[in-house]
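To keep things clear, I will list the structure first and then write my remarks on it.
The values are calculated or read from the model by the stated rules, or taken from the named source; none is laboratory data. For clarity, every value in this text was computed on a predicted model and none was experimentally measured. For neighbour counting, all protein chains shown are included, and Cβ atoms are generated from backbone atoms with ideal geometry for every residue, glycine included.
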Amino acid sequence: MDITEEMRRHSAAHLTARAVCNLFPGTQTDIGPATDDGFYYDFDLEHRLAPEDFPAIEKEIARLIALDEPFVRAEMSRADVAARLDGQKYKLERLADIPEGETISTYTVGDYFEMCRGPHVEHSAQIGAVKLMKVAGSYYRGDENNKMLQRVYGIVGKDQADLDAYIARLEEAKKRDHRRLGVELDLFHLDPEDPGQIFWHPKGWAIYVALQDYMRDKIVKDGYQEVNTPAIMPRSLWERSGHWDHYKANMFVTESEKRVFAVKPMNCPGALEIFKSRMRSYKDLPLRLAEFGHCARNEPSGTLHGIMRVRGFVQDDAHIICTEEQIEEEVAKFCRLLKDVYKDFGFDKNLLVKLSTMPEDHVGDEATWQHAEAALAAACKASGMDYVIQPGEGAFYGPKLEFTLIDALGRPWQCGTIQLDYQLPSAERLNAEYIGPDSQKHHPVMLHRAVLGSLERFIGILIEHYAGAFPLWLSPEQVRVLPITDKQVPYAESIRDSLAAKGFRVGIDASADKLGAKIRAGTVEKVPYLLVAGGRDEAAGVVSVRKRGAGDLGAMKLEVFIAKLDEDLKNKQ
């Protein structure tokens, strides 16, 4: 049997629960799943767990791993499971949730018994090495009206060396945390009084605008037209689109003149309203409508995470309205655009693609879904990209391809997506029509697509990927001029003005600090180029150039330096 990371993490969670129960008799256990980067387990016990308890728990886990006992799966009756779980009130409540007649899967390792679907490793020694990371409060079943349990988080390595390397990566991830760097580099701030909303500072907004301008340039060249639709739309439109029944819990709703409106959580109905504003011909298709539309989603406060998951955001959104015969070509075209964009950020290696299929909560008949899934799969293959199936993870209106990039720390981030939608343009929904070559009315299909996804989230990913040291083309301050004394301030200002006139983002440090302090400040703030302007530089009509990561490049004429900047920008350095 192939041992997966998830199996090792899940099995480590079981042994963690066993170790805590061994050390603290009377412990009540709840659940302990694997996570993307480790595992956690929820406990109810009188002792207040703290990091000081971790060494003893880890020692007990290591002892249990060394016993190399088998994980034994068994299917049992409800009565037998209840007997084995006698006294474990949370487990018994979970047992009561299982429908009558459904198979109850259990695992036993040594003297520890769990009701669990698995899968697990075959023997405990296959888990490797375990380290506990933190303990936090967690309400039972996620309900604040229930008791607060103690949630212990841990990570797993194949062996101690692998675990040590993983811990080092986690430490590096902490240093790159976008929430910390966002404040240190003065990019943005988050106000606890306004959860899930971002206050962009000048430097952060400069990155935002540069990213948006970059995408505008890409999509115009790829045949898109940019539009803009209202931020607030009536309930009647959301009901016809199907979003009201499937998404209203995540929508901000308001009322005016006895009518109900909602702040848009996505842009797609607006794009179809533009399409429907006049009768279209098949000769107008495909129609590629792009929108950097601001959306709002009522995300639970507990799920918010810096600028990675927020309540207000903008996507590099677009909707391609086309005929069924154009699907394959349009999906392939999108895939080429996506790969081209990701290459400019260094994300073109190890790109993962998933095909998400029909979820339980869906609109439309199953035959249409199967047809849509087959069409999307064929188009993906035609674009030269392989995919894996992600069952039941499609949008409620159609299947989708999801594109996952890998950052500098080897972490996956799902960003790009293209979704095939037969439902929204249909007569049952928004009733979009075009005149075909047979002079009859037909319903188009719609492709919902984004390359970056949420711009806010993508910038958060970039901050961590680059550790705040953005390439020149994205840096909020590309060049900073450093006059050595007040006498050189006019010369430094003339340099700044010349660079700004060429479109570069340039600042000046005319403070009374000594040159060493100015260089240190520019280095800490990760400015790509520092230009030292001293008396000799002014006399010679040059600047002394320092490049981030390379140090002193020597004196240059301004026009030579500008040519160097242009070359860096051309190469997306």
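Out of the stretch 409-449, which residues are touching a residue at least 60 places away in the same chain (Cβ under 8 Å) and hydrophobic (A, V, I, L, M, F, W, C)?
Residues satisfying the conditions are Leu409, Ile418, Leu420, Leu424, Leu430, Ala432, Ile435, Val445, Met446, Leu447.
Among what's in the stretch 219-267 and is in contact with a Leu (Cβ under 7 Å, 6 or more places away or on another chain) and assigned to a helix (DSSP H, G or I), pick the residue that is farthest from Pro425 (Cα to Cα).
Arg240
Return yes when Arg429 is under 16 Å from the mean Cα position of the chain (by Cα), under 25 Å from Arg240 (Cα atoms), surrounded by 20 or more Cβ atoms within 10 Å (Cβ to Cβ) and not aliphatic (A, V, I, L, M) and no when it is not.
In short, no.
In the stretch 454-567, which helices (runs of 4 or more DSSP H) lie fully inside it and hold 3 or more residues that are surrounded by 14 or more Cβ atoms within 10 Å (Cβ to Cβ)?
455-465, 489-501, 515-524
Looking at Leu92, is it within 18 Å of Leu149 (Cβ to Cβ), out of contact with any Ser or Thr (no Cβ under 9 Å at 6 or more places or on another chain) and hydrophobic (A, V, I, L, M, F, W, C)?
Values: within 18 Å of Leu149 (Cβ to Cβ): yes; out of contact with any Ser or Thr (no Cβ under 9 Å at 6 or more places or on another chain): yes; hydrophobic (A, V, I, L, M, F, W, C): yes.
Judged against the criteria, Leu92 is a match.
Considering Ala62, Ala50, which residue is among the small types (Gly, Ala, Ser), within 33 Å of the chain's Cα centre (by Cα) and assigned by TED's automatic domain parsing to the domain that holds His10?
On the way: Ala62 fails: within 33 Å of the chain's Cα centre (by Cα).
Answer to the selection: Ala50.
For the stretch 47-103, which fully contained helices (runs of 4 or more DSSP H) count at least 3 residues that are over 18 Å from Tyr140 (Cβ atoms) and either at pLDDT 95 or above or in contact with a strand residue (DSSP E or B) (Cβ under 6 Å, 6 or more places away or on another chain) (or both)?
Numbers: elements: 54-66, 78-84, 89-97.
By residue number, 54-66.
Consider Asp421 carefully, then state whether it is in contact with a Leu (Cβ under 9 Å, 6 or more places away or on another chain), more than 29 Å from Tyr166 (Cα to Cα) and among the acidic types (Asp, Glu).
Spelling it out, Asp421 is indeed in contact with a Leu (Cβ under 9 Å, 6 or more places away or on another chain), more than 29 Å from Tyr166 (Cα to Cα) and among the acidic types (Asp, Glu).
So Arg311 ticks every box in (1) exposed (fewer than 15 other Cβ atoms within 10 Å of the Cβ); (2) in contact with a Gly (Cβ under 7 Å, 6 or more places away or on another chain) but one. Which box is left unticked?
Condition (1) is where Arg311 drops out.
Which ones in the stretch 267-285 are without any contact (Cβ under 8 Å) to a residue 60 or more places away in the chain and within 32 Å of the chain's Cα centre (by Cα)? Outline the logic, then answer.
To start, the set of residues in the stretch 267-285 that are without any contact (Cβ under 8 Å) to a residue 60 or more places away in the chain comprises 267, 270, 274, 277-278, 283.
Scanning the stretch 267-285 gives Asn267, Gly270, Ile274.
Filter the stretch 187-203 down to residues that are touching a residue at least 40 places away in the same chain (Cβ under 8 Å) and more than 19 Å from Asp407 (Cβ to Cβ) and give me whichever is surrounded by the fewest Cβ atoms within 10 Å (Cβ to Cβ).
Checking each candidate, the answer is Pro202.
Identify, from the list Arg141, Arg179, the residue that is modelled with pLDDT of 95 or more and either farther than 27 Å from Lys572 by Cβ or among the basic types (Lys, Arg) (or both).
Arg179
So, in the stretch 334-369, exactly how many residues are in contact (Cβ under 8 Å) with a residue 12 or more places away in the chain, assigned to a helix (DSSP H, G or I) and over 30 Å from Arg216 (Cα atoms)?
Result for the stretch 334-369: 2.
Of these, Leu351, Leu376, which one is assigned by TED's automatic domain parsing to the domain that holds Gly453 and within 21 Å of the chain's Cα centre (by Cα)?
Unique residue meeting the criteria: Leu351.
Asp36 is checked against (1) more than 24 Å from Asp86 (Cβ to Cβ); (2) over 27 Å from the mean Cα position of the chain (by Cα); (3) surrounded by fewer than 15 Cβ atoms within 10 Å (Cβ to Cβ) and fails just one. What number does that condition carry?
Result: Asp36 passes all but (2).
Here are Ile98, Ile57, Ile31: which of them is under 23 Å from Gln160 (Cβ atoms) and among the β-branched types (Val, Ile, Thr)?
Criteria check complete, one pass: Ile57.
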